[in-house]
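Heads up, the thing below is written out as structure tokens.
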Amino acid sequence: MSKLELTKELAISITACLPIGVCLAAQSGEIVYANSKAEDIFGYSKGELTDCVIEDLLPENYRHTHKNLRDNYTASPTSIAMSGGRLLSGLKKDGTEVQLQIGLSPLNEQYILISLIETTNEIIKPSNSNDPLTGLANRKVFDDYSDKLRKLAIRNKKSISVAFIDLDNFKSVNDRLGHQVGDVVLCEVARLLRNYIRGSDIVARVGGDEFILCLYDIAGHLALKNTLDQLISKIAAITEIEGHSINIGASVGAIVTFTPEKIAISELIDMTDKLMYQAKKNGRGIAIVNEINT
């Protein structure tokens, strides 16, 4: 069998047959290609989407925030699968809104491939596995995945660690600058956490400004403390969002155990939650780390 040569024309023909919307956007936001399903989703005629930028396809009150989120993403682009992607409100040409689930794939330094489906899509059901704002895992996915990490740690006689993170001074950002700026802060922290952890670990957003981590095979108490101290420093280094000066930090409670067979993930979460509040009482911006091997 001869090898098929994937030409530009063939690639476009393939995307035209897909049951999902596909858009190719420059990092500056201009849409340079859209397949027919994307045009159907947004109610545009053939070729009209290439006259748009991404923010044209969003409700007006969200465009400014999304522009900043997009700038943050293009500064450090990573692939986000549709199964774990973001939920987003889109705007049809006639002005009606539609709920979308999107995935992102950076192709090179210039272009981002965007895949999207309507939440009413009957062919491909959207995932409920992500936090709609940040794209991180939600609590259910965290519980499932961290339990698998725990079982792996038991089998391989490795450690398992849980860290509970709560942002410091986040309420003042919302009160002073509004929730749209607060949302950008949360997305920036989420991006930082996602890029900082290893592929074997998991991070989830579990509350307004609360995040939890589950880390596999950490060397011990001091190694975990060093990792979290660095993470706290990186969060505190976020000092400007949308041209506004901000002053946030993070308080962290964490536990590492080399006997994961003796304690459930839910118990570790409860313990780290208490340690996080202790960190806040002790001055904030610190990580309190315990090692338990009962």
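Annotations
- Percent RCO, i.e. relative contact order, over the chain, from Cα pairs under 8 Å lying at least 6 residues apart: 15 percent
- Cα-centred dipole magnitude for the chain, charges only on beta-carbon of K, R (+1) and D, E (-1), debye, nearest 20: 1080 debye
- Per residue Cα convex hull volume in Å³ - calculated over the range 152-235: 87 Å³
- The range 189-240, accessible surface, carbon-and-sulfur percent (1.4 angstrom probe): 51 percent
- Gaussian network model of the chain, springs between alpha carbon atoms under 10 Å - residue of 205, 70, 155 with greatest fluctuation: 155
- Farthest toward positive dipole pole in the chain [+1 Lys/Arg, -1 Asp/Glu at C-beta], among 58, 98, 192: 192
- Membrane-span-like helices in the chain, defined purely by DSSP H runs whose alpha carbon atoms cover 20 Å or more axially and whose average Kyte-Doolittle hydropathy reaches -0.5, are 179-196, 221-236, 265-281.
- Calculated on the Cα set of the chain, radius of gyration then Dmax: 21.3, 69 Å.
- Remark on the range 173-294: ratio of C-alpha radius of gyration to 2.2 N^0.38 Å is 1.10.
- Accessible surface, the chain, averaged per residue in Å² (probe 1.4 Å): 49 Å²
The values are calculated or read from the model by the stated rules, or taken from the named source; none is laboratory data. Please read these numbers as outputs of a predicted model, since none were measured by experiment. Here the Cβ is made from the backbone with ideal geometry for all residues, glycine too, and neighbour counts use every protein chain on show. Keep in mind that these areas ignore ligands, DNA and RNA; they rest on the heavy atoms of the full protein, side chains included. Shrake-Rupley method; radii C 1.70, N 1.55, O 1.52, S 1.80 Å.
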